[in-house]
Amino acid sequence: MRILVVGGGISGLTAAHLASRAGHDVHCLTAGPPGGLVRTERHEGFLCEVGPQAVLDNAPDTLALIASLGLTERAVRGSAAAARRFIYMRGRLHPLPASPPALLRSDLLSWSAKLRLLREPFVRPLATPDDDESVAAFGARRLGEEVSRTLLATFVIGLFAGAADELAVAAALPRLAAMERTHGSLFRGLMALRKAAKAGHAGQTGKGGRTRTSPLSFPEGLGELPAALARELGPRLHQGRATAIEPRAGGGWRVAVAPTGGAAVDAQMEAEAVIVATEAATAAALLGPVVPEATALGAIATAPAVVCSLGFSDASGRALNMDLDAYGFLVARGEPQKMLGCQYESSTFPGRAPEGSVLLRCILGGTGPGFDPSVVDRPEDQLVSQAVGDLKAITGLARQPDFVHVWRHPAGIPQPRAGHLRLIATVDGGLRRHQGLFLLGHAVRGVGVNECIRAATSLVRGLPA
């Protein structure tokens with residue numbers, strides 16, 4: 001088939017690459033830099049991630065994509081320090097337990113919460129799964145109120161920059177919900193996953209022969225992945241913005257295109273199939289006139305986010321007064337500091353900072369109670385002041401950064417709330433009425449690079465030969 005992919009983010013690029021390898025005549029239209037949020041920039045010797053920092057190495061579709069691009073030998077897994085993670089709660093940093101036994105030994109929880117946690121394998125699943133049950137309610141039901149309010153809610157911040165009581169567990173954390181359905185218990189589900197990982201030798205082997213997943217990137221950052229996809233597409237990657245999609249007489253689709261800079265692009269492009277892989281609001285505008293159900297995609301909420309990279313030169317001579325032997329930390333809600341978390345980039349991957357220097361990446365913003373969505377509109381000096389001030393309060397940071405760079409993401413991270421699964425099912429039903437019209441994107445198929453790649457892989461596998 002002749003296929004046009006609208007959207008040059010990781011979902012669209014992956015779909016275009018895989019469909020091309022499957023023998024289709026594929027073209028991809030992107031309104032911005034290839035990769036979308038997955039972008040790496042080097043400034044003053046510091047390698048900075050504009051969006052996602054890494055992928056986990058436990059996703060088969062992602063590893064297969066990396067292999068198909070010849071990048072396997074370039075893949076870099078996180079250092080041993082990446083296994084150490086912290087939660088800032090009750091005024092100090094607490095090590096994040098890496099296993100259920102470690103959790104029971106942790107001072108993060110009260111003894112009553114630990115005793116409640118031991119009941120988890122005996123908590124009966126809901127007779128009828130509730131697709132609208134919130135992450136917070138699910139956690140309280142299975143793990144207890146304290147564990148849900150502290151650990152699970154903070155974990156969700158790292159993924160969605162949103163509130164656990166506003167996100168639907170079946171849509172936001174489908175694997176967690178599936179554990180209950182399949183194994184009747186999260187603990188039993190985790191044990192099954194560990195057993196499968198050992199059998200398949202997935203991830204890295206840690207102490208005692210245990211396997212663990214690890215963050216994975218490349219020497220020039222995660223941006224190497226979309227850059228390689230763009231190179232593979234070559235002249236079939238077009239710069240332009242789709243403004244309308246309409247059926248073509250006799251079958252297929254016609255897409256109106258407006259130039260966005262760079263090489264000239266045709267005012268319209270035609271194809272037998274169109275894969276829309278854009279932000280939800282753009283997908284709603286493009287698909288709505290053809291698939292009325294898709295108009296509702298524009299109502300999907302998002303969490304604005306700010307990425308603030310801070311570089312420190314000569315860290316050995318002018319100490320930061322921080323324990324940098326870690327991946328970083330997340331900040332629980334209810335603390336005075338509004339920062340969502342901080343990643344220790346130069347501790348996790350080599351080459352992120354000049355020799356003897358340190359690179360930290362702070363995330364601000366989010367949506368919901370206890371978050372600060374308006375931060376995305378503030379002047380840069382205020383953003384840097386907040387990030388540095390929060391770091392000083394949380395970690396004891398002893399000095400100002402020598403390098404700063406800020407990226408704003410007003411559209412931010414999609415928030416799959418109550419009704420999300422029904423919405424997507426309704427839109428998919430509308431799409432099925434139109435041959436050759438498909439939908440991808442992190443707002444509809446799952447937040448995260450691995451989820452985007454998995455969804456694109458699944459879609460391409462289902463295309464007619």
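Below, the figures for the structure above:
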| read-out | value |
| --- | --- |
| Residues with amide H under 5 Å from that of L47, placed H, sequence gap 5 or more | A353 |
| Cα→Cβ-extended label distance, 7 Å offset, between D132 and S385, nm | 4.4 |
| Rounded to 10°, Cα long-axis angle of helix 174-183 versus longest principal axis of the chain | 70 |
| The stretch 39-141: trypsin sites (Lys or Arg not before Pro) falling in loop per DSSP and having at most 15 other Cβ within 10 Å | R90, R119 |
| Karplus (6.51, -1.76, 1.60) ³J(HN,Hα), θ = phi - 60°, over the stretch 83-90, in Hz, Gly and Pro reported as x | 6, 8, 10, 10, 10, 8, 8, 6 |
| Amide proton proximity set for A244, modelled H, under 5 Å, gap of 5+ | A256 |
| Estimated FRET transfer efficiency (R422, R461; beta-carbon r; R0 22 Å; 0.05) | 0.30 |
| At most 15 other Cβ within 10 Å, DSSP loop - trypsin sites (Lys or Arg not before Pro), the stretch 411-465 | R432, R433 |
| Long-range amide H partners of L222 with built H, under 5 Å | none |
| Per-residue ³J(HN,Hα) for the stretch 60-68, Karplus 6.51 cos²θ - 1.76 cosθ + 1.60, θ = phi - 60°, Hz, x for Gly and Pro | x, 5, 5, 5, 5, 5, 4, 5, 5 |
| FRET efficiency estimate (nearest 0.05) - Cβ-Cβ, R231 to A267, R0 30 angstrom | 0.65 |
| Alpha-carbon centroids, the stretch 371-449 and the stretch 132-159: separation in whole Å | 20 |
| Between 0 and 90°, nearest 10: helix 186-200 axis offset from the chain longest Cα axis | 70 |
| Separation of the R21 and E246 label points, Cα + 7 Å toward Cβ, nm | 3.7 |
| With Cα atoms, 0 to 90° folded angle of helix 224-233 axis to the chain main axis | 10 |
| Contour excess over end-to-end distance, with Cα ends at R42 and R181 and 0.36 nm allotted per residue | 45.5 nm |
| Helix-derived mean residue ellipticity, 222 nm - over the chain, DSSP H n ≥ 4, -39500 (n - 2.57), to 500 | -9000 deg cm²/dmol |
| Efficiency of FRET between D325 and T72 - r from beta-carbon atoms, R0 35 angstrom, step 0.05 | 0.80 |
| GluC sites (Glu not before Pro) within the stretch 1-85: DSSP coil, no more than 15 neighbouring Cβ in 10 Å | E44 |
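None of the figures in this text is laboratory data; all of them are computed from the coordinates on show. Note that the coordinates shown come from a computational prediction; the quantities given were computed from them, not determined experimentally. All Cβ positions, glycine included, derive from the backbone under ideal geometry; neighbour counts span all protein chains shown.
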